[in-house]
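A.B. asks: Just passing along the structure, written as structure tokens.
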Amino acid sequence: MHEQDIVWENTPQLHRPGRDKYLSARVWEQLPKIYGDKGVFLGEFYTYIRWLDDIVDDKNVSPNTRMIIIKRQSELIKGGDIGKKLIPLEEYYQRIPFEVLDKPVVPIVRYQFYLLVAAIGSDVEHFGLKPRTRRDIAHYNRRIMNPYAQVVSCALNNRPLKKDIGFMSLMDSWNYLGGLLHLPRDIEEEGNVKVGFDQPEVDKITAAQGYEEKRREILTIYDSDRYKREWQFTLKKFMALTTSFWKTDMPFYQKIISFTYLATREPVRLPHEFRKASMELQQLREKYIKQEEHETF
């Protein structure tokens, strides 16, 4: 697709939570049945953020256009003037039913929208396989996950979520597992990896000349042993941190549902998914590293 077609695409249904491959996202589509208008609001919130993320993640959209769209969303959320000609994503935002929320939390929720857009914008700067340390990735993960938690709490419980460092570490680990799982696709297609490197590795990848060389460096660093150690360590840490739900001020039933889902489903599902991703990474190594060896020979 051409860049203009992507930006002006007007099919929000393609970005709804029900279209996501992950159950934790598809559940959002069922919230209106439980929470009525506030559940509808959360579905619209998810769709808007997912739609924005899909646009700026598309490799056919130029870096300049990505940043223009991010800046426009930030200004729109603040109530600024972005002109009369709105792209479909922005028209969709204007239809999100903030009025169904309790008035005291509306400014808080809008600010979480703003924070999410800013976090997505910071991530855009790393397209082109620009590496980050694990600490940098942890900071990004918290910037992404905390606004989601706050919006849900404000919508359903009429207050921001009170949490501790354990809960924020859980959010980081959960998102980092996603970054590891998507590593093959991010290397091959999107060019924005969300896994961590140590500083010498960051320096080595950064010094590599061109996209192809950076890709080979990443595939060399994340060999099969490194990848396995990384996901096994992160999954173990994630499971230990699921108890942090009990230290939040969520209603008890929400704690039970959240803890049960994460503690029982993810340990069964994720190892199988990581084994598949590991095979995909091996195929990429054979494709790109062996290709370089052949060209050198």
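A.B. asks: I'd like to know which of V117, V27, A207 lies farthest towards the positive end of the charge dipole of the chain, counting +1 on Cβ of Lys and Arg and -1 on Cβ of Asp and Glu.
C.D. replies: V27
A.B. asks: Please report the net charge: other residues with Cβ closer than 13 Å to the Cβ of D81, K and R +1, D and E -1. Please report the intermediate quantities before stating the final value.
C.D. replies: Working: positive: K71, R72, K78, K84, K85; negative: E75, E90.
Taking every Cβ under 13 Å from that of D81, the sum is +3.
A.B. asks: Modelling each spin label as a point 7 Å along the Cα-to-Cβ direction, I'd like the V202/D81 distance in nm, to one decimal.
C.D. replies: 4.1 nm
A.B. asks: Just how large is the dipole of the chain about the Cα centre, in debye to the nearest 20, putting +1 at every Lys and Arg Cβ and -1 at every Asp and Glu Cβ? Present the calculation step by step, with values, prior to reporting the outcome.
C.D. replies: On the way: 46 positive and 43 negative charges, 240 e Å.
Charge dipole of the chain: 1160 debye, to the nearest 20.
A.B. asks: Another one. What lysines does K287 reach when the alpha-carbon gap must be under 19 Å and sequence neighbours fewer than 8 apart in one chain are set aside?
C.D. replies: K287 reaches K214, K276.
A.B. asks: As a check on your grasp of the helix formula, calculate [θ] at 222 nm for the chain: sum -39500 (n - 2.57) over DSSP H runs of n ≥ 4, divide by the residue count, round to the nearest 500.
C.D. replies: On the way: 14 runs with 201 residues, N = 297.
Using -39500 (n - 2.57) per qualifying helix, the result is -22000 deg cm²/dmol.
A.B. asks: While we're here: Between I221 and W246, what is 0.36 nm times their sequence separation minus the Cα-Cα distance? Round to one decimal in nm. Don't skip to the answer; put the middle values down first.
C.D. replies: On the way: separation 25, 0.36 × 25 = 9.00 nm, distance 3.75 nm.
Gain in length upon complete extension: 5.2 nm.
A.B. asks: Another question about this same structure. Computed from the coordinates I sent, volume of the Cα convex hull per residue in Å³ equals one of (i) 122; (ii) 136; (iii) 150. Tell me the label.
C.D. replies: Looking at volume of the Cα convex hull per residue in Å³ for this model, the match is (ii).
A.B. asks: Taking 0.36 nm per intervening residue step and subtracting the Cα-Cα distance, what contour gain separates E286 from Q4 on full extension? Mind showing how you got there, number by number?
C.D. replies: Working: separation 282, 0.36 × 282 = 101.52 nm, distance 3.51 nm.
Stretched fully, the E286-Q4 segment lengthens by 98.0 nm.
A.B. asks: If you fit an axis through the alpha-carbon atoms of helix 224-241 and take the longest principal axis of the Cα set of the chain, what angle between them do you get, 0 to 90°, nearest 10?
C.D. replies: 30 degrees
A.B. asks: Here's a follow-up. Place +1 on the Cβ of every Lys and Arg and -1 on the Cβ of every Asp and Glu in the range 91-240, take the dipole about the Cα centre, and give the residue among L101, P184, I137 whose Cα lies farthest towards its positive end.
C.D. replies: L101
A.B. asks: What does the charge count near P97 come to, summing +1 for each Lys or Arg and -1 for each Asp or Glu among other residues with Cβ under 10 Å from its Cβ? Numbers along the way, then the final one.
C.D. replies: Numbers: positive: K38, R95; negative: D37, E44, E99.
Residues near P97 contribute -1 overall.
A.B. asks: Nearest 20 debye, what's the magnitude of the dipole of the range 1-128 about its Cα centre given +1 on Lys and Arg Cβ and -1 on Asp and Glu Cβ? Spell out each step's value before the answer.
C.D. replies: On the way: 17 positive and 19 negative charges, 53 e Å.
For this selection, approximately 260 debye.
A.B. asks: Still on this model: Need the full-extension length gain, Y111 to K228, defined as separation in residues times 0.36 nm minus the C-alpha distance. One decimal, nm. Mind dumping the intermediate values first?
C.D. replies: On the way: separation 117, 0.36 × 117 = 42.12 nm, distance 3.79 nm.
Value of the extension gain: 38.3 nm.
A.B. asks: Which residue, R66, R19, R50, has the most motion in a Gaussian network model of the chain that connects Cα atoms within less than 10 Å?
C.D. replies: Comparing R66, R19, R50 in the GNM, the peak value goes to R19.
A.B. asks: Dipole of the range 130-201, Cα-centred, from +1 at each Lys and Arg C-beta and -1 at each Asp and Glu C-beta, to the nearest 20 debye? Kindly include the intermediate steps, with their values, before the conclusion.
C.D. replies: Numbers: 11 positive and 9 negative charges, 93 e Å.
Here the size comes out at about 440 debye.
Read-outs: derived from the displayed coordinates by stated rules, not from any lab. All values derive from a computational prediction rather than experimental measurement. Quick reminder, even Gly has a Cβ in these numbers, built from the backbone with ideal geometry, and neighbours come from all protein chains shown.
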